[in-house]
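Notes for the one structure printed next.
Throughout, read-outs are computed from the coordinates displayed, never taken from laboratory work. Worth saying up front: this structure is predicted, and the values here are computed from it rather than measured. Glycine gets a Cβ as well: all are built from the backbone with ideal geometry, and neighbour counts include every protein chain shown.
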Amino acid sequence: MSDTPIRLLVVDDHPLLREGIAAVLEAHPEIELVGEADNGEQAVALFAELRPDVTLMDLQMPGLNGTEAIRAIRAQFADACIAVLTTYSGDARALQAVQAGARGYLLKSMLRKELVSAIHCLAAGKRHFPEPIASELLATIAEDGLTRRETEVLQRTAQGLGNGDIATQLAISEDTVKGHMRSIMTKLKARNRTHAVSIALQRGIIDNWD
C-alpha cells in the first residue's frame, strides 16, 4: 500500500453533509480531504487546481448541476475519477451522470457504511456500483430508453410548446413530432402529454424550466 494519502474532493451544497464526510474520514489518515465545493462551477475550478485522486459529486445543486460538472471536468481531464453522491438510488439523473463519465455511485444514506471502502475502490482504478443500484440503473435504461430526439421533444413540451412550434424549432415535420410523442408516451407508460412531462421531470429525464 502506498504511503501517499488518497486525495479527496467533496462537492455538495449541504454543509452538514460535507462535515459528516470529514468526520468519518478523521479516523482514516490514508484519505486526505483536500477540498470542498458547494456548486458545480466551484467544483470544476477546484478540480483543475487540486487534481484530486477521487471526487464525490452531488447531482442536484444550484447553477451547474453535478452531471454538467462531471462532463466539464472529464472534457479537460479524461482520467478524472468521479463518483455520484446522491439521495436517489436509480433515477435518470444517475444514468446521465454515468453516461457523462461517473465511475461510481454512493447513496448519502449509506455513507457511514460504504464511504471509506468506496474511496479505496475508486482510487484503485475500479468502479463502485453497489448491486441494488446497478440493477436499478439497468432497469432505468430498459424502461425509459428515450432517444435524444424524443428527449428534445419532451423538453419543449414541458416548456408549453405545441407540436407546430416544436417542429419549427427542431426543423422536423409536425407528423414526426406526433410520432415522437406517441413513442414517448408508450415508453413512459404515460396517459397523455402532461403525464409524460410529469414522469420525465420526476425521473430527471428532462429539466424543470422556470
Once both axes come from the Cα atoms, what is the angle between helix 148-158 and the longest principal axis of the chain, in degrees from 0 to 90, rounded to 10? 80 degrees
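Which whole number in µm²/s is D for region 68-128 by Stokes-Einstein, with the Kirkwood Rh taken over Cα pairs at 25 °C and 0.890 mPa s? Could you put the intermediate results ahead of the total?
Details: Rh = 11.9 Å.
Approximately 207 µm²/s, per Stokes-Einstein.
How much net charge surrounds Gly63 when only other residues with a Cβ under 11 Å from its Cβ are counted (Lys, Arg +1; Asp, Glu -1)? Write down the numbers at each step before the final one.
Numbers: positive: none; negative: Asp13, Asp38, Glu41, Glu68.
Result for the local shell: -4.
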Percentage of interatomic Cα-Cα distances in region 6-141 larger than 26 Å: 12 percent
Across the alpha-carbon set of region 147-210, Rg over Rh with Rh taken as the Kirkwood radius works out to 0.92
When only C-alpha pairs under 8 Å and at least 6 residues apart count, what is the relative contact order of the chain, in percent? 14 percent
